[in-house]
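A.B. asks: Dumping the structure here so I can ask a few things about it.
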Amino acid sequence: MTLLTGARLGRDAARWGARFYLRHAGPIVGLSMIPALQRFVSIRWGRDLPDVAAVAGELVTVASRVLLVYMIIKLAIVDDPALRPLARDGRWRRLGVFAARRRSDVAAQFLILGAAFTLFDILPDLAVGAWVAEDARETVTSVLVSAKNPTVIAFTLVWMVGVARLMILDAPVPEREPEPASPKG
C-alpha cells in the first residue's frame, strides 16, 4: 500500500464522517457543548475559580468526551447494519488484520491527523497571538477553544471512528479460529 491509499482511507472516512456528523448533529453538538462551556469558563475566568472547580470542570470534560466517543462508536459500529452481524471479537480481529496488512495506510492517518491539528489548532492559536490585541486575547481564545469543541474536536472523533469503521469493513475476512474441541465425557 502507498501513501495514496492511506490518503484515500482518510478521505473516505472524512466523507462518511461528514454525513454521520450531520445525521447525528443534535447529540454530537449537545455533548460537545459541555466541554465547550467548561473550556470557555476555564480560560476566561479560570484564575478566579477555586482549584476544586477547575479539577471538577476537567473531570466533567473528560467524562463528556468519553461519553461522546462511546455514543459515536455505538452508532457507527455497534448499531451499523453492515457491522452488526459481526461479534465484537470479529470486529477487533478484522481491525487487527487491516492494521497488520496495511500499516502504511494506518500510519497515513497519523500524518493526516497531524496536518489537521496544525491547521485547526496550531495555526489559529498563532493567529490569535499575532493578530489579537493582548487585552482581548483571553476572550478571543476562550471563544475559539469553545467553538472548536462541537466542530473540530467532535468531527475529529467522528473521523477517527470512521477510519476504524472502514478498516473493519475493508479488512480481508480472517479465517475463523478453530473451535475448541469439546471434552468427551
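A.B. asks: I'd like the Karplus ³J(HN,Hα) series for the stretch 44-56: coefficients 6.51, -1.76, 1.60, θ = phi - 60°, whole numbers in Hz, and an x wherever there's a Gly or Pro.
C.D. replies: With the stated coefficients, the stretch 44-56 comes to 6, 10, x, 5, 8, 8, x, 4, 4, 5, 5, 5, 4 Hz.
A.B. asks: Let me ask something additional. Once the Cα atoms of the chain are picked out, what are the Rg and Dmax in Å?
C.D. replies: Cα-based Rg and Dmax for the chain come out at 20.5, 81 Å.
A.B. asks: Compute the acute angle (0 to 90°) between the alpha-carbon long axis of helix 154-170 and the principal axis of greatest extent of the alpha-carbon atoms of the chain; round to the nearest 10°.
C.D. replies: Tilt of helix 154-170: around 10 degrees.
A.B. asks: I'm checking a number: the convex hull volume of the Cα atoms of the stretch 12-72, normalised per residue, in Å³. What is it?
C.D. replies: In the stretch 12-72, the Cα hull volume divided by residue count equals 80 Å³.
A.B. asks: Can you give the longest stretch of the chain with no exposed loop site, where a site means trypsin sites (Lys or Arg not before Pro) in a DSSP loop (not H, G, I, E or B) with at most 11 other C-beta atoms within 10 Å?
C.D. replies: It runs 1-175.
A.B. asks: Moving on. Carbon and sulfur atoms: what percent of the 1.4 Å accessible area of the stretch 5-74 do they account for?
C.D. replies: Roughly 70 percent of what the probe reaches on the stretch 5-74 is carbon or sulfur.
A.B. asks: Suppose we keep just the alpha-carbon trace of the stretch 66-148; what are its Rg and Dmax in angstrom?
C.D. replies: For the stretch 66-148, the Cα radius of gyration and maximum Cα-Cα distance read 19.4, 57 Å.
A.B. asks: Next question. Determine the per residue accessible area of the chain with all protein chains present and a 1.4 angstrom probe, expressed in square angstrom.
C.D. replies: 62
A.B. asks: Working from Cα positions, state the angle (0 to 90°, nearest 10) between the long axis of helix 134-148 and the longest principal axis of the chain.
C.D. replies: In the chain, helix 134-148 runs at an angle near 30 degrees to the longest axis.
The values are calculated or read from the model by the stated rules, or taken from the named source; none is laboratory data. This structure is a prediction, so every number in the text was calculated from the model and none was measured. Cβ atoms come from the backbone with ideal geometry, glycine included; neighbour counts cover every protein chain shown. When the accessible area is computed, the model is the full protein with side chains, heavy atoms only, and any ligands, DNA or RNA have been set aside. Shrake-Rupley method; radii C 1.70, N 1.55, O 1.52, S 1.80 Å.
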